[in-house]
Structure formats: structure tokens, C-alpha cells
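Colleague: Got a structure here, written out as C-alpha cells. Questions coming.
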Ligand SMILES: [Zn+2]
């Protein structure tokens, strides 16, 4: 999935659960940020491509890393009120000044709310794994398997149903966002509907187009029926 889609998956997950009503916009923001954070393992691209190919979808896209990330991010954001401080700086700028009344710094802290912060950050980070397993590959791209059990196991998982960069999921989330701005009272229902439609879209795309974007090499080796997507689990050699 693209960064935009990951972020809105996290945001709509929090909204669909109705947590914004109890915990406010800061938890929604945390859900969005945590949902994109596992892609930190793509940063080695800035140094050299070999390291990027070895680490992307591995170092950050595994259960252990997501738990560590969720615990760390949730704790730092909660106890240091990162989103509150950042929002305060943003609203100090001219065009956003009218939002200042909605921004307040956290003055009351509780262990239970801290747990909620860590739990939401962890779950949001974990959404990267199934999302990237089903949205993968595409024109000129091979399916890029994940190793969710790394470093304990190098077993790879990929089930490419929609090609990476396909605009369908983005369009659904973008329409949902516009509706949520227009109809703030229906935010939760719109978020839940958007998540349902995204899941439906992915299934419909896969069944309609039969994952025709897949690379021939992967299919010829792993699948007897090249017309249907299937879960690929293999102990393959690392990517170079
Ligand atoms: Zn990812």
C-alpha cells in the first residue's frame, strides 16, 4: 500500500471503533502515524539500494518490530504529548489560527489511557503486514514478499490481490474523508463503511482480474493455477 493508504487505514480504524469520541483527535492522529511507521525499513534506500532491497518489508514489517514500535511510539506520544505540541506550533501559523481553540496540551495522565495509546499504535503498525501482503506487485514490479515472523523465521508471505499503486483504495478513502468533513456526526459510520468497501474492493479486484499483474516467474514456480491468487509461503533466499 502507499503511504497515504496506510495512514488512512490507521485513521479510519480508530474512527470506526468510535475511539475519537472518548480520546479525541490525538488518538486518531496516532493511528495514522503508527500505520505508516513500519515503512521506516525503506529508508536505507537513501543510502544504497542493496540494503533497501534486503531490509524493506522485513526489518519493520514483522510482528516483533510492530510491537516495539507501538509501545515506543505510543509511550512517547502520550507522555510527551507530541501531537499536542506539534499542533500548537501549526496553529500558531496564520491560516490555521482558527483551529487554536481545539488544541490543548495534555495536563492529566493515566496509566489506562497510556495503555490505550500503546495498544492503538501497535495495532495500527500491525495493519502494515496484511495490507502489504494483499496490495503488492504491479506493472513492472514483482510481488514483494513480507517476512512477518522475522527474525525468528525467514518464512515469506505474499498474497497479491491488488497491484501496488492501484488508485481504487485511495479513491475510497479520499471520498470517505470528504464525507467525514461534510458530515462530522457520521464520522464513525463513514469510517466503518470505508473499511468495508476497501476490503470488498480488494476481493472484487482479485476475483475479477485474477491478479494478472503477477510476475510470471513467481507463478510458474509457486502456483499450479496461474489465474488465481494464492498465499505463497516459502523459505526463500533473501532478496539482494
Ligand atoms: Zn509497508
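Just so you know, all these numbers are worked out from the coordinates, no wet-lab data involved. Keep in mind that what you see is a predicted model, and the values were worked out from it rather than measured. Cβ placement follows ideal geometry from the backbone for every residue including glycine, while neighbour counts extend to all protein chains displayed.
Colleague: Sort 136, 153, 193 so that the residue with the fewest other Cβ atoms within 10 Å of its own Cβ comes first and the one with the most comes last.
Modeller: Working: 136 25, 153 11, 193 16.
Ascending number of Cβ neighbours within 10 Å: 153, 193, 136.
Colleague: Something else about it: Could you work out how far helix 167-182 tilts from the main Cα principal axis of the chain, as a 0 to 90 degree angle to the nearest 10?
Modeller: Once rounded, the angle reads 10 degrees.
Colleague: Which order results if 20, 108 are arranged by neighbouring Cβ count within 10 Å, fewest first? Write down the numbers at each step before the final one.
Modeller: Working: 20 20, 108 5.
Arranged by neighbour count, lowest to highest, 20, 108 become 108, 20.
Colleague: Using a 7 Å offset from Cα along Cα-Cβ at residue 171, what residues in segment 122-151 end up with backbone N under 20 Å from the label point?
Modeller: Output list for this probe position: 135-139.
Colleague: Using the count of nearby Cβ atoms within 10 Å as a rough guide to exposure, how do 78, 159 rank from fewest to most? Walk me through the intermediate numbers first.
Modeller: On the way: 78 23, 159 19.
Fewest-to-most ranking of 78, 159: 159, 78.
Colleague: On a 0 to 90 degree scale, rounded to 10, what angle separates helix 3-16 from the longest Cα axis of the chain?
Modeller: Once rounded, one gets 60 degrees.
Colleague: Quick check on packing: order 52-64, 91-103 by the mean number of other C-beta atoms within 10 Å, highest mean leading.
Modeller: Details: 52-64: 19.5, 91-103: 11.0.
My ranking of the peptides, most packed first, is 52-64, 91-103.
Colleague: Tell me what the chain gives for mean residue ellipticity at 222 nm when only DSSP H runs of n ≥ 4 count, each as -39,500 (n - 2.57), the sum divided by the residue total, rounded to 500 deg cm²/dmol. Numbers along the way, then the final one.
Modeller: Working: 11 runs with 135 residues, N = 240.
The per-residue figure over the chain is -17500 deg cm²/dmol.
Colleague: Set the Förster distance to 41 Å, then compute FRET efficiency between residue 40 and residue 183 from the Cβ-Cβ distance, nearest 0.05. Before the final figure, lay out each step's value.
Modeller: Numbers: r = 35 Å, r/R0 = 0.85.
Once the sixth-power term is evaluated, E becomes 0.75.
Colleague: A further question on this structure: Just want to confirm a number: the relative contact order over segment 1-117, from Cα pairs under 8 angstrom separated by 6+ residues, in percent. Don't skip to the end; give the middle numbers.
Modeller: Details: 103 pairs, mean separation 22.8, N = 117.
For segment 1-117, the relative contact order is 20 percent.
Colleague: What's the FRET efficiency of residue 112 with residue 152 using the Cβ-Cβ distance as r and R₀ = 35 Å, to the nearest 0.05?
Modeller: For R0 = 35 Å, the calculated efficiency reads 0.65.
Colleague: Okay, moving on. Helix 25-36 against the longest principal axis of the chain: what's the angle in degrees, Cα atoms only, rounded to the nearest 10?
Modeller: The answer is roughly 20 degrees.
Colleague: Also, I was wondering about something else. Compute the relative contact order of the chain as a whole-number percentage, counting only Cα pairs closer than 8 Å that sit 6 or more residues apart in sequence. Present the calculation step by step, with values, prior to reporting the outcome.
Modeller: Values: 373 pairs, mean separation 57.0, N = 240.
In percent, rounded to a whole number, it is 24.
Colleague: Something else now. Considering the zone a paramagnetic label at residue 72 would reach in this model (a point 7 Å from Cα along the Cα-to-Cβ line), which residues of segment 102-122 have amide N under 19 Å from it?
Modeller: 115, 117-122
Colleague: Between residue 23 and residue 49, what's the calculated FRET efficiency when r is the beta-carbon distance and R0 is 45 Å? Round to 0.05. Present the calculation step by step, with values, prior to reporting the outcome.
Modeller: Numbers: r = 41 Å, r/R0 = 0.91.
Computed FRET efficiency for residue 23 and residue 49 comes out at 0.65.
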